[in-house]
Amino acid sequence: MSKDSLPKKIAELFELHKSGLLSKEEYEMLKSKLLSPAGNKEVEKENIQAKTELQKPQEEVNGKTTDNNDSHQTNPLEPIANTTGEPIKDGDSHVPSQKRRSKKAIIILIGLAVVVISGILIGLYIKRNETRTELLLAKQQILSDSLKNIAESKKNEESKTTAEEPLNIISVTASSFMNPSGNLSYYPSNATDHNLQSWWTPSPPHSDGYNSWLRIDFGQNRKVTAIEIHNGSHYPNYQKYGDLYFKNNRLLKANLEFSNGTTVTINLREVDEIQRLSISMQNTTYIKLIPLEWARGTQWNDLCISEFTAIGE
């Protein structure tokens, strides 16, 4: 028995005796036993056993740690310890792989979104350009149509201007004409001299217009689209009688006969001015005016035609 163990044992026995757990006789007996050689060996044996018991848990811990280290070296399938030194749980063994897959999926989704958005933007850009192109083409078409219409209108206007020109009259004839009176004459040519203060009047007994006619000749075939006529006597301030328009007969209705055999009926208004009447185009060498109806004058029963000409090509 070591010198440290014996006093300790004796001290323990003394404490038991002092607390009343051991009688004095028991204390003395155990003390004597400890002091004997046999007791010394027994105590030493107990000390060795106690030391062995104290070392066993430490060896088990060291052995376990060694086994874990060896297992990691020999078995790659075992969970890897985390940064704190603690082994990773079975459920966490695939966490890094799952995170990598999640990041990859996010990257793929972002890429798809970029592709889709890019496609939409490109589609909108193309659609916008197509719309602009359509608008441009529409504007060009409108401009082209407008220019075409302007050209056609100009052409029609030129044609109309040409058609509206008075035709050259070669000769004028009539069924009859009244003899001159004073400073007034009544020749057929008075109707084509472009002077409204001179007029044609047939001679009696048909001076009223009945069974009379007035004819203009062109000398060749012409296209007639209209006529101009003044259907009375235009003299607003005649020195002796004043305004003569209503004092003489005014033509109200007449037939136009053409060399192609066509007859067109015209109606006139009672107005002291030249009246222009459009007709269907007639290819003709002459026009013959035949009075049908007239208004009687307030002073004389004489028909007067101050102007009669043709418009055409």
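With 23 Å as the limit, write out which pairs from K154/K288; K104/K127; K127/K148; K9/K33; K247/K288; K155/K253 have Cα-Cα distances beyond it, or answer none.
Values: K154/K288 33 Å; K104/K127 34 Å; K127/K148 31 Å; K9/K33 11 Å; K247/K288 26 Å; K155/K253 35 Å.
Checking Cα-Cα distances, K154/K288; K104/K127; K127/K148; K247/K288; K155/K253 exceed 23 Å.
Ordering I311, I274 by the number of other Cβ atoms within 10 Å of each residue's own Cβ, fewest first, gives I274, I311. Of the residues D193, D272, D302, the one with the fewest other Cβ atoms within 10 Å heads the list, and the complete ranking is D193, D272, D302.
Taking other Cβ within 10 Å of each residue's Cβ, how do Y187, Y238 sort, fewest first?
On the way: Y187 17, Y238 13.
Exposure proxy ranking, most exposed first: Y238, Y187.
Read-outs: derived from the displayed coordinates by stated rules, not from any lab. Predicted, not measured: the structure shown is a model, and the values here were computed from it. In this analysis, Cβ positions are derived from the backbone assuming ideal geometry, glycine residues included, and neighbour counts consider all displayed protein chains.
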